[in-house]
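Written out below as structure tokens is the structure these notes cover.
The values are calculated or read from the model by the stated rules, or taken from the named source; none is laboratory data. Predicted model, so just to flag it, every value in this text is computed and none were measured. Neighbour counts run over all protein chains shown; Cβ positions are idealised from the backbone, glycine included.
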Amino acid sequence: MTDHHSTAPTGAPTTDDDPSAAPTGALRTDDDPSPAPTTVDDAAASGPVPEASAPHGPDQTDRVILRTAAEEAAASGPGAVLVVDDATGELTAAALAEVGTVGEATSAVPGTPVISWTASHAATLALRARFSEEVTEGRLEVPGGDHPASLAEIAAETRPRLALMRLPKALADLEHRAVEIARAGDVTLVAGGRVKHMTRTQNVVLGGVFTEVHASRGLGKSRALVATAAREDLAPLPIARGTAHLPVRGTASALELRAIGGVFGGATADAGSLLLLEALDRHLLTREEAEAAPLARAIDLGSGNGLLTAYLAAALPETPVLGSDDDADAVASTRATLDAYGLDRESTDVTWDDSLFRVADRSADLVLLNPPFHDGTAVDATLVQGLLDAVARVLRPGGELWFVHNSSLRYRTEVERRIGPVRQRARDRRFTVLSAERT
Ligand SMILES: C[S@@+](CC[C@H](N)C(=O)[O-])C[C@H]1O[C@@H](n2cnc3c(N)ncnc32)[C@H](O)[C@@H]1O
């Protein structure tokens, strides 16, 4: 999953909160004579790689997950294997290849020994493209569709005996994934990562969901946590709650926010988005005073916790509003925010989509965008380009993009080139808000 304005979402502490700690258990590093990893593990951990058609082979973390899974499979007996958030597709490929070893011992669902669920719509499509043969043969299921089934639903439905994933960076994400996977009942979770990113807090989080948690043997600089025996008194899926204070049509308002999993910002309003909304609210009041025609359609691209979508739904009651995100957790969070605020009206839609792929060309008058700027810890300007191209495609001529970015970055030329003439609408030390009119 990509990061955004800051290196860690608010309210979602990263696993780097305790860098000195190591997972519990008899842990040893470099105790395995296996060859050195062939790929860069940190890059694989940092975000979805839609081009899953360019396989690199499992890296060291994938291999420690698979080795541990094979050991656990021998003990846990037959059952399907659930792969979670496999950004590169390598874990899925390796799990499929291991069918002769892991699968023979584990597969109890005829024809579907591996289920690969990922929160990213783009990554889901990439997995389907890369493994189309295995999907057709019924050896692999890649859940998807317009309305993504949650991991909890998939786990409860397919009842895997083994679940494999890389440890997410955010603890909120780890807790959420663990609770969802535990819905499978009798399941063993094997979650791997780089030792330098692992902390005792991860054991504690997993220990809140499973009664037994231990660490695997290390493989180079990677190892896995193994969690078994889901607690019977499992709490409902954690949903974070918060409130955003902002003007809606000139009136100070409190807007309920909800956050599921590791969604950007948790249930806290992003400061950049608030700066954008204050400027936009003034602009919409001016439009109203000038008796401008209602906007035909307004879109929040990358809706996250739903702050901008909820604002649009509240401020533009006559305008159909779309919130759209590539991340299934963000889609669920946006829906929950709209519900909490009573804004889930008929003309408000929320979609799981990559870069508004399903939105018709030239169909929107207004698009709001608070895009991701970081992939892992590195600033990656290219993340924005595809989103700006999507905005250029869906805006009608004369329609406007409202865009917020870190003041330290320069996007004016990029936005102007892709959309049209740019105006600066607000700026503070941290954020700059631009609007651009589609030519
Ligand atoms: C910086 S967050 C902003 C979230 C929210 N709009 C806010 O203001 O708090 C960016 C969002 O864009 C989403 N995103 C990233 N790439 C995307 C893509 N290609 N298509 C749709 N959404 C995307 C991320 O999942 C994330 O939720």
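For region 391-416, name all the residues that are of a type in the set (Gly, Ala, Ser) and either over 18 Å from Leu322 (Cβ atoms) or surrounded by 23 or more Cβ atoms within 10 Å (Cβ to Cβ) (or both).
Residues of region 391-416 of a type in the set (Gly, Ala, Ser): 392, 398-399, 407-408.
Result: Gly398, Gly399, Ser407, Ser408.
Could you please find all residues in region 279-303 being within 13 Å of the ligand (Cβ to nearest atom) and farther than 23 Å from Trp352 by Cα?
Within region 279-303, just Leu280 meets the criteria.
Can you go through Leu395, Leu401, Leu388, Leu409 and tell me which one is of a type outside the set (D, E, K, R) and farther than 23 Å from Arg362 by Cβ?
Leu409
Pick out the one residue from Thr188, Thr211 that is among the polar types (S, T, N, Q), in contact with a Lys or Arg (Cβ under 8 Å, 6 or more places away or on another chain) and buried (at least 23 other Cβ atoms within 10 Å of the Cβ).
Thr188
Among the numbered criteria (1) more than 9 Å from the ligand (Cβ to nearest atom); (2) closer than 26 Å to Gly250 by Cβ, which single criterion is violated by Gly306?
Evaluating Gly306 over (1) more than 9 Å from the ligand (Cβ to nearest atom); (2) closer than 26 Å to Gly250 by Cβ leaves (1) as the failure.
Could you please find all residues in region 145-178 being acidic (Asp, Glu) and in a helix (DSSP H, G or I)? Can you show your working first?
First pass over region 145-178, keeping only residues acidic (Asp, Glu): 146, 153, 157, 173, 175.
Of everything in region 145-178, those that are acidic (Asp, Glu) and in a helix (DSSP H, G or I) turn out to be Glu153, Glu157, Asp173, Glu175.
Determine which member of the set Asp353, Asp326 is within 11 Å of the ligand (Cβ to nearest atom), buried (at least 24 other Cβ atoms within 10 Å of the Cβ), in the same structural domain as Leu257 (by TED's automatic domain parsing) and on the phi < 0 side of the Ramachandran plot.
On the way: Asp353 fails: buried (at least 24 other Cβ atoms within 10 Å of the Cβ).
Going through Asp353, Asp326 in turn, just one is within 11 Å of the ligand (Cβ to nearest atom), buried (at least 24 other Cβ atoms within 10 Å of the Cβ), in the same structural domain as Leu257 (by TED's automatic domain parsing) and on the phi < 0 side of the Ramachandran plot: Asp326.
Are any of the residues in region 119-132 assigned to a loop (DSSP other than H, G, I, E, B) and either of a type in the set (A, V, I, L, M) or at pLDDT below 95 (or both)? Talk me through it step by step, then tell me what you get.
Our first condition is that a residue be assigned to a loop (DSSP other than H, G, I, E, B); within region 119-132, this holds for 119, 131.
Filter once more, so that each one left must be either of a type in the set (A, V, I, L, M) or at pLDDT below 95 (or both): 119.
Scanning region 119-132, I find at least one residue that is assigned to a loop (DSSP other than H, G, I, E, B) and either of a type in the set (A, V, I, L, M) or at pLDDT below 95 (or both), so the answer is yes.
Pick from Pro421, Pro397: which is in contact with a Gly (Cβ under 9 Å, 6 or more places away or on another chain) and either free of Cβ contacts under 8 Å to residues at least 24 places away in the same chain or away from the ligand (no atom under 13 Å from the Cβ) (or both)?
Working: Pro421 fails: in contact with a Gly (Cβ under 9 Å, 6 or more places away or on another chain).
Selected residue: Pro397, the only one of Pro421, Pro397 that is in contact with a Gly (Cβ under 9 Å, 6 or more places away or on another chain) and either free of Cβ contacts under 8 Å to residues at least 24 places away in the same chain or away from the ligand (no atom under 13 Å from the Cβ) (or both).
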